[in-house]
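A.B. asks: Take this structure first; my questions come after.
The values are calculated or read from the model by the stated rules, or taken from the named source; none is laboratory data. All figures in this text were calculated on a predicted structure; none of them were measured in a lab. All Cβ positions, glycine included, derive from the backbone under ideal geometry; neighbour counts span all protein chains shown. Each accessible area value is taken on the protein alone, full model and side chains, heavy atoms only, with ligands, DNA and RNA left out. Shrake-Rupley method; radii C 1.70, N 1.55, O 1.52, S 1.80 Å.
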Amino acid sequence: MRFFKATAILTDEKWIEDNNDHRIEREHIRQIAAKTYDYNQKRKDCGYTFVVDFEHEQIICGMIASDCRNTEKDICSFLRAIGMKVRDLGTKEITLSELSNMLSRADACDYISDDTEVLERFDLDRIRNRHCGIEYGENLIESCTDKKEQYAAAKKLLATETLLPELDRIYSGKIKSVATGHPVHYFVRTDDRETRKRLYGTLLKALYNAGRIKSRRYCYLDFRPGDRFSATAYDFLYKSCECGAVVVHYLAGDDSEDHEYANGEMETIATLCETMMKYRNRVLTVFCLPRACEKVKTLFFENLGSIGTVEIKEDLADAEKSAGYLRLLCKEQHIRPDKKLFSRLEADGTYLPDELRRMFEDWYNNKMKTVIFPQYRDIAVCREEATKKVARGTAYDDLQGMIGLNSAKEVIGKALDYYKLQRIYKDKGIKQDRPAMHMVFTGNPGTAKTTVARLFARIMKENGLLSKGHLVEVGRSDLVGKYVGWTAQIVKDKFKKAMGGVLFIDEAYSLVENREGLYGDEAINTIVQEMENRREDLVVIFAGYPKEMEEFLNKNPGLRSRVAFHVPFADYTAEELCLIAKHIGKSKGITITDKAITKLSALFETARQNDDFGNGRYVRNVIELSKMNQASRLIKMDPGKITEKELTVICEADIETPAVKTEPAKRKIGFGA
């Protein structure tokens, strides 16, 4: 299906002159609307042509072509049918979005009765609806008849081993006047977004020039593993792209490590492939996958059966080939390479084009500053200045101002340093694995794990390492569904909600405790999958007791391998608990006397020996109890003699020592009883 805009110059001067009369103009519009209806009723599902508007002597028309026939011939036929005499007819292909706007304009001018009915006639309303369950974009293939330009683009992308041979195959055939199907479809494999667009852009341009696809319009859309979407809407999207192409970017994670695929992932791939196979001879499909996803590619192959595919990817260049590519980049910038540029290449190293481009850009930037414009030689580099500074933002100051937590502060400081260093690696063109930011917080209750997680999210936001910096806190009940198949989607929804921030999973081991094989396992499998897929702008923090968390990670090696930092939260000392008590009192406008602090210290030291000691929570409870004791003490006094100071002071008498828990003596069996 193709969409067109046509313009022409009216040659009937009387018609133009009559249109200056508003009454006659309204009659002309009524006649055009009636003739447009009759014309399109006769054509039924072959297409739809309509008048959009008149601008002085120019008529503007729109057209939906449901096949690949001669467009200008059909528009001329329509213009004759509605009684328009024209010259200098010109047509251009447009997107569905542009066509929808033209239909809306034609409806507003009364040249058609209802723009929505037209869209419904061709099922285009199913994909224009915001609630269709898929998000897509559309574009037009750039017009280019110069084959040399296509080959030069392939060399510039360093895709000579796969793209150049395919260009040879595309241009070796004869251009067909009628589309007869597609002998092959494509897999584009790269990790770089811009490279991906250039690879499939070059490919589509060649296919269009060679007549293998008839429409310049193509749709592109993203899917994540396990995404739920309307298969019907996806089918209609393909239908709208007949004679053209669909580009599917499958956002899989690195599957180099062994892991089980969640059912949702296999269902997503199966649905994508099923629709593609239904339209395989009417719509060209380009699947885009990350370079390292061999297992995901195998899943696609298993669902595509006998479909022929060609893989397009960048070359993995050795040192000699890399040097040639760097020379090509220098030639484009009209600058002479030097030894410093080539010294970055290792003799036995292999490089991808995006690595070499970053290497070149870093060298070129330095060359600009030191050779071409030497007056800027001493200006400091922004990144170097940033790395000299400590973590920025009020959240970092708040964390440092918290009492205790020395180990946690140290590990979080190292984590920030690590993430900043990855930026420098990237800027220098040094290949590094994408850093995983996921963490495990271990500690007893009341050790400020949730508070620190919230501050950490803000710190990452303030340092430009996360986009939003919010915290989404969940437990087992928030992740496990009531019925089979619900859990995976619930987990995905929580990850989606947490994107750009931190997903805090409290007592994560409760997902699998004594529930092996049930819904908790489904949750864990989906969590592992989502951690990998969304690692670039999401931090997952697992929190819980130290022993249970260690056992949990031992049971789930897929989780352990994705956790970069283990942050311990030690129990507070009696001295730190006293400081916390003073801090809580200050926040409530209350002063605690020295004698009361001495009594609290002894109380905290005793309480720390209990297994169920609540740390900071225990301190808050003690202060609240002390406030109630203060109230009972003061209410017995003469109200007229109570001073303002007495109202804001907790004294030794207000501190209540809880009764010490005693364990009943255990009976012994045997001779020693």
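A.B. asks: Taking interchain pairs and intrachain pairs at least six residues apart, which have beta carbon atoms under 9 angstrom, with the first residue in segment 444-460 and over 18 Å from Y418 (Cα atoms) and part of a helix (DSSP H, G or I) and the second open to solvent by 10 Å² or more (accessible area, probe 1.4 Å) and of a type in the set (V, I, T)?
C.D. replies: Hits for this filter: K449/T442.
A.B. asks: Restricting to segment 560-601, name every residue that is farther than 21 Å from I650 by Cβ and in contact with a Leu (Cβ under 6 Å, 6 or more places away or on another chain).
C.D. replies: R560
A.B. asks: Follow-up. Looking at this structure, is F504 crowded, with 18+ Cβ neighbours inside 10 Å and at pLDDT 85 or above?
C.D. replies: yes
A.B. asks: Also, quick follow-up: Can you find a residue in segment 569-583 that is among the charged types (D, E, K, R), outside any helix (DSSP H, G or I) and closer than 30 Å to N463 by Cβ?
C.D. replies: Yes, because at least one residue in segment 569-583 is among the charged types (D, E, K, R), outside any helix (DSSP H, G or I) and closer than 30 Å to N463 by Cβ.
A.B. asks: Another question, if that's okay. If you go through segment 584-607 one residue at a time, how many are in a helix (DSSP H, G or I), more than 41 Å from the chain's Cα centre (by Cα) and either under 18 Å from Y618 (Cβ atoms) or modelled with pLDDT of 85 or more (or both)?
C.D. replies: So the answer is 15.
A.B. asks: Turning to a different aspect of this structure: Please go through segment 134-164 and give me each residue that is among the acidic types (D, E) and more than 15 Å from V188 (Cα to Cα), ordered by number.
C.D. replies: E135, E138, E142, D146, E149
A.B. asks: While we're here: Tally the residues that are surrounded by 18 or more Cβ atoms within 10 Å (Cβ to Cβ) and assigned to a loop (DSSP other than H, G, I, E, B), restricting the search to segment 283-317.
C.D. replies: Summing the residues that are surrounded by 18 or more Cβ atoms within 10 Å (Cβ to Cβ) and assigned to a loop (DSSP other than H, G, I, E, B) in segment 283-317 gives 5.
A.B. asks: Something else about it: Return the only residue of K85, K73, K92 being touching a residue at least 24 places away in the same chain (Cβ under 8 Å) and farther than 29 Å from V247 by Cα.
C.D. replies: Just one listed residue meets the conditions, K85.
A.B. asks: With (1) in contact with a helix residue (DSSP H, G or I) (Cβ under 7 Å, 6 or more places away or on another chain); (2) surrounded by fewer than 23 Cβ atoms within 10 Å (Cβ to Cβ) as the list, and K239 as the residue in question, which single condition is left unmet?
C.D. replies: (1)
A.B. asks: Select from segment 319-372 the residues that are basic (K, R), touching a Lys or Arg at 6+ places or on another chain (Cβ under 9 Å) and touching a residue at least 12 places away in the same chain (Cβ under 8 Å) and list them in ascending order.
C.D. replies: Scanning segment 319-372 gives K340, R344, R358, K367.
A.B. asks: Within the group V567, V540, which residue is under 22 Å from D222 (Cβ atoms), surrounded by 21 or more Cβ atoms within 10 Å (Cβ to Cβ) and among the β-branched types (V, I, T)?
C.D. replies: V540
A.B. asks: Filter segment 623-643 down to the residues that are more than 60 Å from the chain's Cα centre (by Cα) and surrounded by 10 or more Cβ atoms within 10 Å (Cβ to Cβ), then identify the one that is modelled with the lowest pLDDT.
C.D. replies: I642
A.B. asks: Only one residue in N554, N525 is out of contact with any helix residue (DSSP H, G or I) (no Cβ under 6 Å at 6 or more places or on another chain) and either closer than 27 Å to M460 by Cα or among the β-branched types (V, I, T) (or both). Which one?
C.D. replies: Criteria check complete, one pass: N525.
A.B. asks: Follow-up question, since we're still on this one. Go through the residues of segment 630-643 one by one and say whether even a single one is in contact with an Asp or Glu (Cβ under 8 Å, 6 or more places away or on another chain), in contact (Cβ under 8 Å) with a residue 12 or more places away in the chain and among the basic types (K, R).
C.D. replies: Yes, the conditions are met somewhere in segment 630-643.
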